[in-house]
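Notes for the one structure printed next.
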Amino acid sequence: MALPDRREFLDVNELPDLPVIALLPGSRRMEIEKMLRIMTSVRSSFPGYQFVVAGAPSIPDDFYADILKNSDIRLVSNQTYPLLFHSAAALVTSGTATLETGLIGVPQVVCYRGNMISYLIARRLVHVKYISLVNLICDKLIVPELIQQELNTDNLEKHLRSVLEPGTARDAIIQGYQELKTKLGGRGASSRVASLMIQYLT
């Protein structure tokens, strides 16, 4: 898939020439509404950036517009890969998008907040150290994870700032992504991911 260059991407989507923070709030309506409201709560702390939401193919634009009203946060639909490719960092709801973001090479903060009872039951049944595929596959903390009550405006701002600014945290993520690509590199990457997931979930 050919990706547009930065200028083309900005022009087609009528976006200003500012560094982009991508918001990937998930693919289900309840999940999107919950996660997007938390993600957008840090907007005012990053005035030199533009926040852009990756719209899910199955969700109409009007659904996002209702959540984003009275803000300058923009929506681009069916353009997740181009958006990530031209982003300085991303806030990503836990799921396969965390792996895609890692393989594209965008520093990210992984976000998750679900029903507390369901979460506690899942943690008892599935014994894993991490919730993001990047960290699970590498078997160590590559990208920060904010889970349940840890996912709040203060923590989100702190971790987003750390992955945006040049330095130890951002460099460590980018270096970790190289390890991720090495583990998944070459032919058979999909089967290796599937095999790893089976190991973690059994």
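The values are calculated or read from the model by the stated rules, or taken from the named source; none is laboratory data. This is a predicted model, so every value here is computed, not measured. Here Cβ is always computed from backbone atoms with ideal geometry, including for glycine, and neighbour counts include all displayed protein chains.
Matching residues to (1) more than 25 Å from Ile147 (Cβ to Cβ); (2) of a type outside the set (Ser, Thr, Tyr):
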{"residue": "Met35", "(1), (2)": "no, yes"}
{"residue": "Val42", "(1), (2)": "no, yes"}
{"residue": "Gly55", "(1), (2)": "no, yes"}
{"residue": "Tyr64", "(1), (2)": "no, no"}
{"residue": "Lys69", "(1), (2)": "yes, yes"}
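Of all residue pairs spaced 6 or more apart or on separate chains, those with beta-carbon atoms under 7 Å, a first member in the stretch 1-21 that is over 10 Å from Pro82 (Cβ atoms) and a second member that is charged (D, E, K, R) and exposed (fewer than 15 other Cβ atoms within 10 Å of the Cβ) are Leu10/Asp17. Residues of the stretch 7-23 that are part of a loop (DSSP other than H, G, I, E, B) and hydrophobic (A, V, I, L, M, F, W, C): Leu15, Leu18. May I ask you to list the residues in the stretch 26-49 that are assigned to a loop (DSSP other than H, G, I, E, B) and either more than 17 Å from Asn155 (Cα to Cα) or modelled with pLDDT under 95 (or both)? Of everything in the stretch 26-49, those that are assigned to a loop (DSSP other than H, G, I, E, B) and either more than 17 Å from Asn155 (Cα to Cα) or modelled with pLDDT under 95 (or both) turn out to be Gly26, Ser27, Arg28, Pro47, Gly48, Tyr49. Residue selection: Gly55 satisfies the criterion of being more than 21 Å from Glu157 (Cα to Cα) and either among the basic types (Lys, Arg) or crowded, with 18+ Cβ neighbours inside 10 Å (or both).
The criterion of at least 1 residues that are at pLDDT below 55 is met, among helices (runs of 4 or more DSSP H) falling completely within the stretch 101-202, by 116-125, 189-200. Does Arg7 count as surrounded by 11 or more Cβ atoms within 10 Å (Cβ to Cβ), more than 16 Å from the chain's Cα centre (by Cα) and of a type in the set (D, E, K, R)? Considered against the rule, which asks whether it is surrounded by 11 or more Cβ atoms within 10 Å (Cβ to Cβ), more than 16 Å from the chain's Cα centre (by Cα) and of a type in the set (D, E, K, R), Arg7 comes out as no.
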